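Q: The structure under discussion is supplied below as structure tokens; questions concerning it will follow.
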Amino acid sequence: MLRSDQMDTFLSDGYLVVEDAFPASDLDDLIGEFNGSVEDNAIEAVSQGLVEHTYPDEPFPTRLARIVESAADRFAADDLGGLLYRNLTGKLRSPAMFGVLTNPALLDIVESVIGREILAHPQFNVRAKLPAQDRTVVPWHQDLGYLQPDASDTMMVNIWLPLVDATEENGCLEVVSGSHRHLIDHTHGLGPAGNFKGLTDEDLPSGDHVLCPVPKGGVLLIQHRTIHRSLPNVSDHIRWSLDIRYSDPAMPTGRDGVPGFIARSNAPQRVVTSLEGWDALFESTP
Ligand SMILES: O=C(O)CCC(=O)C(=O)O
């Protein structure tokens, strides 16, 4: 649970870093899954001639980057929708991802803010942010700018958590303190690769710009109007991260037609307790 001073900061500034939210080893299963996907994808990419090497001895924080760098056509290898990123980006549904989304320590933090009825929100992302990769440098934005406006009054707890220590050098997030009180129209075509909706410097309300390095096992909490961006990764390794969200199941998610799942509730029969249960929601959604 958050302490009352942490709650006060989250509500007044619109963000909070909790450096020791859960044991870093709680991420081992997910990192294990990602290692397996990096390996499987690399073997297939070598057999297709897309890349030269699988780099089996390279550790998790660098392996995918070394593999991509080995490609003769780096642009093709670095296609975020392509083979090397299969099961490594976006809205991945897997056993370990379900495990992180239902991590009791994370749900305790969320419960401190929105109470015991908790929906794991349908909008979430796995991100592998490689060094010197323009397409993963995210410009200033509010998450609400990416949701339908009916979610405007839904209190959300947006949790950003790194799978390696996130630093200024490898592209941690930066927030505008107090910006959660504003709602600002977003513009298409921003970011160094022009691939994101976002806000220009001129759009920003006043408020301190605060860099938010987060160690592995820690989290950055923001709200759905908190203005934030991610910095370029100028390190030699990948900044792996998840951004996941939680909200009150009784309130609009801003993602009509995409199911979230009940992760905690006073009515135990409502709680989804397995990946299969989460998958089943997609089968029953028209
Ligand atoms: O992880 C990143 O680089 C960007 C994350 C972000 O902007 C978000 O979670 O809304």
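Q: Near the amide H of residue 261, under 5 Å away, which other amide H atoms are found, from residues 5 or more places off or on another chain, if H is placed in the peptide plane?
A: For residue 261, the qualifying residues are 120.
Q: Right, next: Evaluate the relative contact order of region 30-85 (contact order divided by residue number), counting alpha-carbon pairs under 8 angstrom at least 6 apart; express in whole percent. Before the final figure, lay out the partial values.
A: Values: 57 pairs, mean separation 18.8, N = 56.
Relative contact order for region 30-85 comes out at 34 percent.
Q: Still on this model: I need 146, 15, 55 ordered by Cβ neighbour count within 10 Å, fewest first.
A: With the fewest neighbours first, 146, 15, 55 line up as 146, 55, 15.
Q: Distance between Cα centroids, region 111-132 to region 223-250: provide it in whole Å.
A: 8 Å
Q: From the phi of every residue in region 183-198, what ³J(HN,Hα) in whole Hz does the Karplus formula 6.51 cos²θ - 1.76 cosθ + 1.60 yield, where θ is phi - 60° and glycine or proline is x?
A: Computed from phi, the couplings for region 183-198 are 10, 10, 5, 9, 10, 6, x, 9, x, x, 9, x, 9, 10, 7, x Hz.
Q: What list do you get for 244, 227, 31 if you sort them by fewest beta carbons within 10 Å? Could the numbers behind the result be given before it?
A: Details: 244 22, 227 28, 31 18.
Ordered from fewest to most neighbouring Cβ atoms within 10 Å, 244, 227, 31 come out as 31, 244, 227.
Q: Further question: How much net charge surrounds residue 77 when only other residues with a Cβ under 14 Å from its Cβ are counted (Lys, Arg +1; Asp, Glu -1)?
A: Combined, the nearby Lys, Arg, Asp and Glu give -1.
Q: In degrees, nearest 10, range 0 to 90: what is the angle between the Cα axis of helix 4-13 and the longest Cα principal axis of the chain?
A: Approximately 80 degrees, to the nearest ten.
Q: Calculate one ³J(HN,Hα) per residue across region 164-173 by plugging θ = phi - 60° into the Karplus curve 6.51 cos²θ - 1.76 cosθ + 1.60, and present them in order as whole Hz with x for glycine and proline.
A: These are the phi-based 3J(HN,Hα) values: 9, 4, 9, 10, 4, 5, 8, x, 5, 8 Hz.
Q: Projected onto the charge dipole of the chain (+1 at Lys/Arg Cβ, -1 at Asp/Glu Cβ, origin at the Cα centre), which of 269, 85, 146 gives the Cα projection farthest towards the positive end?
A: Comparing the listed Cα positions along the dipole, 269 ranks first.
Q: Using the Karplus curve 6.51 cos²θ - 1.76 cosθ + 1.60 with θ = phi - 60°, work out ³J(HN,Hα) for each residue of region 273-279 in order, rounded to whole Hz, and write x for Gly and Pro.
A: After applying 6.51 cos²θ - 1.76 cosθ + 1.60, I find 10, 8, 4, 4, x, 5, 4 Hz.
Q: Next question, about the same structure. Can you give me the angle between helix 104-114 and the longest principal axis of the chain, using Cα atoms only, in degrees from 0 to 90, rounded to the nearest 10?
A: 40 degrees
Q: Considering amide H positions built from the backbone, and no H for Pro or chain starts, which residues 5 or more places from residue 224, or on another chain, come under 5 Å of its amide H?
A: 156
Q: Given H placed 1.01 Å from N in the peptide plane, which residues other than close sequence neighbours of residue 238 have an amide H under 5 Å from its amide H?
A: Under 5 Å from the amide H of residue 238: 62.
Q: In which sequence would 276, 168 go, from the one with the fewest C-beta neighbours within 10 Å to the one with the most? If you can, show how the numbers build up before the last one.
A: Values: 276 10, 168 13.
By the 10 Å Cβ count, ascending, the order reads 276, 168.
Q: Once the Cα atoms of the chain are picked out, what are the Rg and Dmax in Å?
A: 18.7, 56
Where a number appears in this text, it was derived from the coordinates with a stated rule and is not lab data. Keep in mind it's a predicted model, so treat the numbers as computed, not measured. As a convention, Cβ positions derive from the backbone with ideal geometry for all residues, glycine included, and neighbour counts pool all protein chains shown.
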